[in-house]
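To keep things clear, I will list the structure first and then write my remarks on it.
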Amino acid sequence: MAQTPLNGLRLYGVAAFDSGLHHPLAEGTTLVQFRAIAGIVAPAKYTRAVPDAEELSDYTRVLEEVQANTAVLPAPLGTVFKSQDHLARWLELHYFTLTQAIGSIEGHGQARLTITKTPGIDAENATAGEVRESSKHLLATASQSMRVLRGQAAATVSLPVPEEDSHVVAHASFLVDLEKWSSFSDLVRKEDARHANLDFHLSGPWPPYDFVRMQFGG
């Protein structure tokens, strides 16, 4: 007979905590506090499961709501602790590292940028060699723009380009000061206008998904 999974706590992220705060940072969640930080949690079954689309939507909603209130470190999607005591001990054990990480991303948001080939850039009658040379040139041009944008960000993470999508030239995330977000967006638009053979797609500001790597050891 299969055992019923124990009730646990789903951890969405760890946020800076204000001792005067008396309400949740996101709808449907509660806080597990330790000193100046708090885990954003909700009840969940303590069992291994692959998160579905609904859980992903809930995860991003919660983190975006928290980000609107305070700095937050996203936990990996689907992270579940066995109990509040287990989470509290983990927060205590990693308190110094977590507070340092929160300090580094506080006041910043994540910008995701995808650079693609402008439609029609590859002529239908081009040879394979010409297509390769064109791709090399576009990659070099995109890399130059990335260097320009990197100079206006606190940190940058290069993301893998999908092999199945030949139109994507470059993909990256930038950690941007929220007070300078408009300036960063303007710079992206200028780079887009400067390169007629490339299209720049910017989204955000998002929680710093690509800049946080939480470790959960046994």
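The values are calculated or read from the model by the stated rules, or taken from the named source; none is laboratory data. As the structure is a prediction and not an experimental result, all values here were calculated from the model. Cβ coordinates were reconstructed from backbone atoms using ideal geometry, including for glycine residues, and neighbour counts include every protein chain displayed.
Could you please let me know if residue 55 is over 19 Å from residue 7 (Cα atoms), over 13 Å from the mean Cα position of the chain (by Cα) and of a type outside the set (Gly, Ala, Ser)? So residue 55 fails the test.
The condition of being of a type in the set (Asp, Glu), modelled with pLDDT of 90 or more and under 30 Å from residue 12 (Cα atoms) holds for only one of 192, 199, 210, 186, that being 210.
Give the range 151-174 a look and list any residue that's among the hydroxyl-bearing types (Ser, Thr, Tyr) and at pLDDT 90 or above, or say none. Listed by number, the residues that qualify are 156, 158, 173.
For the range 135-143, the condition holds for no residue, the condition being that it is surrounded by 14 or more Cβ atoms within 10 Å (Cβ to Cβ) and within 30 Å of residue 102 (Cβ to Cβ).
Residue by residue through the range 147-184, note down the ones that are part of a helix (DSSP H, G or I) and either out of contact with any Phe, Trp or Tyr (no Cβ under 9 Å at 6 or more places or on another chain) or at positive phi (or both).
Of everything in the range 147-184, those that are part of a helix (DSSP H, G or I) and either out of contact with any Phe, Trp or Tyr (no Cβ under 9 Å at 6 or more places or on another chain) or at positive phi (or both) turn out to be 147, 148, 178, 179, 180, 181, 182, 183.
List, please: which pairs have Cβ atoms under 6 Å, are six or more places apart or on different chains, and start with a residue in the range 16-34 that is at positive phi and end with one that is of a type outside the set (S, T, N, Q) and at pLDDT 90 or above? These pairs meet every condition: 28/42.
Looking only at the range 77-93, residues that are loosely packed, with under 15 Cβ neighbours inside 10 Å, in a helix (DSSP H, G or I) and among the small types (Gly, Ala, Ser) come to 0 in all. Within the set 113, 93, 139, the sole residue that is outside the structural domain of residue 187 (by TED's automatic domain parsing), at pLDDT 85 or above and of a type in the set (A, V, I, L, M) turns out to be 93.
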